[in-house]
1. Tally up the residues in the range A:142-156 that are in a helix (DSSP H, G or I) and open to solvent by 20 Å² or more (accessible area, probe 1.4 Å), please.
2. Just for the range A:206-234: of the residues that are of a type in the set (Ser, Thr, Tyr) and surrounded by fewer than 13 Cβ atoms within 10 Å (Cβ to Cβ), which one is nearest to residue A:165 (Cα to Cα)?
3. Picking from B:37, B:68, which residue would you name as being surrounded by fewer than 21 Cβ atoms within 10 Å (Cβ to Cβ), within 19 Å of residue B:157 (Cβ to Cβ), hydrophobic (A, V, I, L, M, F, W, C) and within 11 Å of another protein chain (Cβ to nearest Cβ)?
4. Can you tell which of A:9, A:98 is within 14 Å of another protein chain (Cβ to nearest Cβ) and open to solvent by less than 20 Å² (accessible area, probe 1.4 Å)?
5. Would you please name the residue that is nearest to residue B:138 (Cα to Cα), looking only at residues in the range B:80-106 that are away from every other protein chain (no Cβ under 11 Å) and open to solvent by 50 Å² or more (accessible area, probe 1.4 Å)?
6. Could you check the range A:34-60 and list, in sequence order, the residues that are buried (at least 21 other Cβ atoms within 10 Å of the Cβ) and within 9 Å of chain B (Cβ to nearest Cβ)?
7. For the range B:26-91, list the strands (runs of 3 or more DSSP E) that sit wholly inside it and hold at least 1 residues that are in contact (Cβ under 8 Å) with a residue 40 or more places away in the chain; which are they?
Amino acid sequence: MANNNNGDVKLIGAWPSPFVMRPRIAFNIKSVEYEFLEEQFGSKSDLLLKSNPVHKKIPVLLHNDKPICESNIIVEYIDEVWSAGPSILPSDAHDRAVARFWAAYVDEKWFPNVRGALNASSEEAKNAAVGQLKEGMALLEGAYEEINKGKDFFGGEKIGFIDISFGSMLAWLRALQVMLGGVKLLDEEKTPGLCKWAAKFSADPAVKDVLPETDKIIEFAKLLVAKNKSAAASS
Amino acid sequence: MAEQVKVLGSWGSPFSKRVELALKLKCVNYECIEQDLANKSQLLLDYNPVHKKIPVLIHNGKPIVESLVILEYIDETWRHNSIFPHDPYEKAMARFWAKFIDEKCNEGVWKIMWCKEEERGKLVEEVLQHFGTLEGQLKDKKFFGGEEIGMVDIAANFIGYWLGLVQEAIGMELVTRDKFPVLCRWMDEFVGHSVVKPILPPRDELLAIFKARFNATAWEY
């Protein structure tokens, strides 16, 4: 669906993916309309395979038929192209470096333990992953207090890059807490700042229709874990 | 105000050299503070408490960590001699390929260096595919950045110089001229570049370290 001078904007993705949520939130912040091309669970469309032949993964942004892949790279692209809208990355170069640092931390250090905890084959492995996640939460709590300049979000008064990168994980974080029998990752005592932040983020107009209900993620996670188990068994 | 630019780095580290290369390309004066990685300094631990790793760029007392993040900071702070394309789409592509180099090529070689014998075949097959994909991006360009070195070339520095030494140390050829002629041609251009060549670590010293580390680990198996 063309929208004025935005060109042709399509996003290949799927509703449960936290990585797909990132560009969706970014588009909402910028008030840019896009066509959401949803992939079916368990299969990859020809368009996806053609648009992201290297990784074959979602999300993929197609802007005037040019593909951009990798969620944080897509968010930066959105921020740069639709520069008239509210900024997602900070303007100061050092603040930008801090934002990129924490976005990379979420993906490279924190999120792999979500997968680890969900797919763990032993209690020991599960506990190790949860331990790592809790350590990460403590670090992120510290970062939040340092970066937010006394405001609601990592980005200050409004949602920014770190908010999107980490906030997109909230539905899965909440689901994990339930699925692991009440493990507290968002902890009122240990991570009070992040607890407040999570509530504000989830309620933000740019986020609330994108972040799925925890129950829906739990249902989906069960399907995913089953699929992973059968794939592992047959390999 | 006199600018203060320091790099906490290590003479042999490709990640450290990425930062130095970017600063040199921008003609920015800096002080390199060599770090002993076996005995990490308080300075390093203070400036990079999360990862405790080099490189760290310290600009007027403020630290920036993670080499690719540092490259972005350098390009945004010293705007002449850009290492990133200006066009947002081309910039997104540069970021994509830099990430691909770290996560697939460099990580792939790293896994092969330390893997068990029986895992090697599959890992080699995978990494050769990744090198092929990367080579496809060069086509007939002199550098990934075009006529001049850019962000992707800097990110590929391990492949440009260190990879050959690793191959010699482990006695395995991954990237050869007959299989990857375009990538090898790029490697020659890269190491011969007037700004790159003077900051490359000495070959013999680096090779000796790789051989010693690799042999020590192989003996453990």
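The values are calculated or read from the model by the stated rules, or taken from the named source; none is laboratory data. The shown structure was predicted, so the numbers you read here are calculated from the model rather than taken from an experiment. Cβ atoms come from the backbone with ideal geometry, glycine included; neighbour counts cover every protein chain shown. Note: areas computed on protein heavy atoms with side chains; ligands, DNA, RNA excluded. Shrake-Rupley method; radii C 1.70, N 1.55, O 1.52, S 1.80 Å.
1. 4
2. In this case the residue turns out to be A:230.
3. Only one candidate qualifies: B:68.
4. Criteria check complete, one pass: A:9.
5. Among residues in the range B:80-106 that are away from every other protein chain (no Cβ under 11 Å) and open to solvent by 50 Å² or more (accessible area, probe 1.4 Å), the one nearest to residue B:138 (Cα to Cα) is B:81.
6. none
7. The qualifying strands (runs of 3 or more DSSP E) are B:56-59.
Listed here are the residues, each with its yes/no results for (1) over 16 Å from the mean Cα position of the chain (by Cα); (2) within 28 Å of residue A:136 (Cα to Cα); (3) charged (D, E, K, R).
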| residue | (1), (2), (3) |
| --- | --- |
| B:53 | no, yes, yes |
| B:59 | yes, yes, no |
| B:62 | yes, yes, yes |
| B:66 | no, yes, yes |
| B:76 | yes, no, yes |
| B:79 | yes, no, yes |
| B:83 | no, no, no |
| B:93 | yes, no, no |
| B:99 | no, yes, yes |
